[in-house]
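The values are calculated or read from the model by the stated rules, or taken from the named source; none is laboratory data. This structure is a prediction, so every number in the text was calculated from the model and none was measured. Every residue, glycine as well, gets a Cβ built from its backbone with ideal geometry; the counts of neighbours run over all protein chains shown.
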């Protein structure tokens, strides 16, 4: 075998390793229901859940409980299937959290009742979408 | 009044730039094909056409800047990206905050590069400029803003607000112009954001140059000659891209609260990948210049770096990344256009490569293990694999989209722990690279066989082992993988320094670019290992509070709550939060908010007391002062060791109506580490919800407790005048003097009680820092008692995160040395090219 072939094989091997590890480490988008089912089966891999904060009928976000030292909090989230879930986040409440239109939590179930988020991504109302113009200058 | 002239001028210039780029492309095509006789005419015509294009492009940029600079909020761009409060240098940032502005910046750089190329090349002008003109046509089309039927081509930055927004006000009054814009994203209000985007886009633009030379070379069948002129440009491109990446990292470090300089965010990855490929391409091109091998791989790498820049643009700006990136760009409907742009050049490149593949000269002889070609090839391969490892997972949203196009369902998400995921590969690749550079450099400058190699490497090896041992013991590096990193890093530094030393002694500094850049790499490696691997969160919550759910206590609380004036232990330091401050024009340092009262005008406040810094009175009580960005709050946090004052940090936060709370860190720089701190949550400074009334009846001289503050009622005082109120004859005004102690700080509260006829007036005294409102409710003369009504809120606080980042300066120093290395190499290669050109050979 020529040296070139050995190197080629080496490269292919590393490339396969990279692909396999990507597939292995990639997370998935789940709903709370499927995430809970995964936890029950013993899979502890962190997953993504997309949803919104729970709002009262009048549109006010409810269910945010900040711990007394203000460094962690609980909140209620509703996923895209409508499942409600209590979530814990071990960080201070992100700025503007209550205004988020969409929330992505990355984490897993701690037990049957509680989902623990390792990371939260938020989509805030973009200023590009606003239709209101301040009319103060009229 | 709506000014439509600037917008129309700008839009006309865009169309002119588009048309002229197409004409330029056609003219240069004719120039290449023309016979010797007609060449001069076609060249003149092509150049004039490109000059017209240049003038038009510059006009577009100027028109857009004028709109922002003159606060023409009738234009959507100015309205949504700028505001009156912005200083001029941030208006420049406003310019490229929007995607249209970013494209204009890119177009502008291409124009500059095109003009430079026209005047520095003879033979290559035609083919290179043909490629340039085509690229410009695609780029200008992104801001064309032309609608044909249902087809929208480009998004114009010159549309009026009334056309962009469907607001009811425009039906009533089409001439309506808003008073102010919505402002610039506060994250971009940073000096690095003024220079980072132009650098990055210059980097983007420069990847086109080697690509254009290659296309020209393939089309004119000069398969080898393109390398000489392209090489200095490829190096320049890698240098500028590298600089852009570092500036971005530095910006993230000083303004974002991600907790670091690199986060493996898709947007960061999208620039990192083309840079890696470009660096790989430089190495194969250098090999080719020296020994006529690796031509095909050079070609593939040059094409890949250019296409990857387009792919990066597509990823970032098409909205496909969706929620997987923090830097989300909204889709302007350009994704289709971007895709066509990328696929067009990919197709052209692949077509030209495939057609000429058989004719491209290759070297048949197998590279020996003891040849430099072999080692450089391995190095370039490693770089390419690094790029592959990053781009593959970054593209997960694209894979999902492709699966969905074919009707499938894919719910793949990016790795949950991005930093850990990428680091575990990139770290080892980087170690391999460091070792390869050390060995490779020896091969490069000397003929080697096994024996001489061992002899040459034994000294650097011994020195670097000794050095590593010192670093490991002194830096307490006990993790085995980090020990390997230190070894690899020091080895590459020592080996390359040896080469550098020999080169400078024997010949000139001009040849030292490679070894300098590699020394930089070694330093970056060690700096990253220390500052990231040994970064330590020190703000653990030591408050001792326990919760009902015990499992939470096992979690590390990485933030600490600092109540105002209360000393709190943060590892070796005692930190005391001392209150909120603003930046005031003309006053050095920061001014406490207690001295300022904001007015209705933006960025303006009234001084409530004299503002004195170091004995100099800058403003007197009642003066109007100008604030530098009113939205910015700085939180003063003093650090002590024992009783010894050490330093003060002022992490900043900004409340912005469109973005919410933005937090920027403040770091204490030491030579061997940074203490990096930022506020992660703050008090609500809007009207507090006061708790229920509490009453205290107190006699003068008595001490009592408001919440847990020791409060002394010093006595009452009859007033003859009060600020802001005219006292009439018969009025009685009494002020109660209260002194409240909060740790070492004494606060004076003086509520006022006024009697006019049968009416009673009360002016409460409020201290927002303590969260206390005191009203003098009544005076009971018979008992000699004053009755106070007290409402409490909570004391002011900040939640802080503090991280120690060791040896981060080695990282920054390494990046600077690497950049210097690039500059030296560019100078050398450009010198080679210009000598050949002046001999009339190219």
Which listed residue, of B:437, B:423, B:382, is at pLDDT 85 or above and within 10 Å of chain A (Cβ to nearest Cβ): B:382
Segment A:109-138 residues that are over 30 Å from residue B:73 (Cβ atoms) and at the interface with chain B (Cβ under 7 Å from one of its Cβ atoms), paired with ones that are at pLDDT 75 or above and assigned to a loop (DSSP other than H, G, I, E, B) (beta carbon under 7 Å, 6 or more apart): A:118/A:46; A:118/B:416
Options B:281, B:242; residue that is under 30 Å from residue B:668 (Cα atoms) and not in a loop (DSSP other than H, G, I, E, B): B:242
Out of B:388, B:443, B:429, sole residue that is outside the structural domain of residue B:298 (by TED's automatic domain parsing) and either part of a loop (DSSP other than H, G, I, E, B) or within 21 Å of residue B:523 (Cα to Cα) (or both): B:429
Residue selected from segment B:575-601 under the condition touching a residue at least 40 places away in the same chain (Cβ under 8 Å) and at positive phi, by the criterion surrounded by the fewest Cβ atoms within 10 Å (Cβ to Cβ): B:586
Pick from segment B:678-697, criterion in a strand (DSSP E or B) and within 14 Å of chain A (Cβ to nearest Cβ), ranking: farthest from the chain's Cα centre (by Cα): B:682
When residues of segment A:88-107 are limited to those that are touching a helix residue (DSSP H, G or I) at 6+ places or on another chain (Cβ under 9 Å) and either surrounded by fewer than 19 Cβ atoms within 10 Å (Cβ to Cβ) or over 14 Å from residue A:77 (Cβ atoms) (or both), the one nearest to the other protein chains (Cβ to nearest Cβ): A:90
Segment B:719-742: number of residues that are in contact with a strand residue (DSSP E or B) (Cβ under 8 Å, 6 or more places away or on another chain) and either closer than 17 Å to residue B:765 by Cβ or touching a residue at least 60 places away in the same chain (Cβ under 8 Å) (or both): 13
Verdict on residue B:185 being in contact with a strand residue (DSSP E or B) (Cβ under 9 Å, 6 or more places away or on another chain) and outside the structural domain of residue B:239 (by TED's automatic domain parsing): yes
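Table: residues versus (1) more than 26 Å from the chain's Cα centre (by Cα); (2) modelled with pLDDT of 90 or more; (3) surrounded by 24 or more Cβ atoms within 10 Å (Cβ to Cβ); (4) farther than 29 Å from residue B:277 by Cβ.
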residue: B:145; (1), (2), (3), (4): yes, no, no, yes
residue: B:181; (1), (2), (3), (4): no, no, yes, yes
residue: B:229; (1), (2), (3), (4): yes, yes, yes, no
residue: B:237; (1), (2), (3), (4): no, yes, yes, no
Condition check for residue B:175: farther than 30 Å from residue B:838 by Cα, touching a residue at least 40 places away in the same chain (Cβ under 8 Å) and either within 14 Å of chain A (Cβ to nearest Cβ) or assigned to a loop (DSSP other than H, G, I, E, B) (or both): yes
Output for segment B:389-416, where each listed residue is facing chain A (nearest Cβ under 10 Å), at pLDDT 85 or above and surrounded by fewer than 16 Cβ atoms within 10 Å (Cβ to Cβ): B:399
In segment B:698-711, the residues that are surrounded by 11 or more Cβ atoms within 10 Å (Cβ to Cβ), assigned to a loop (DSSP other than H, G, I, E, B) and out of contact with any helix residue (DSSP H, G or I) (no Cβ under 9 Å at 6 or more places or on another chain): B:700, B:702, B:707
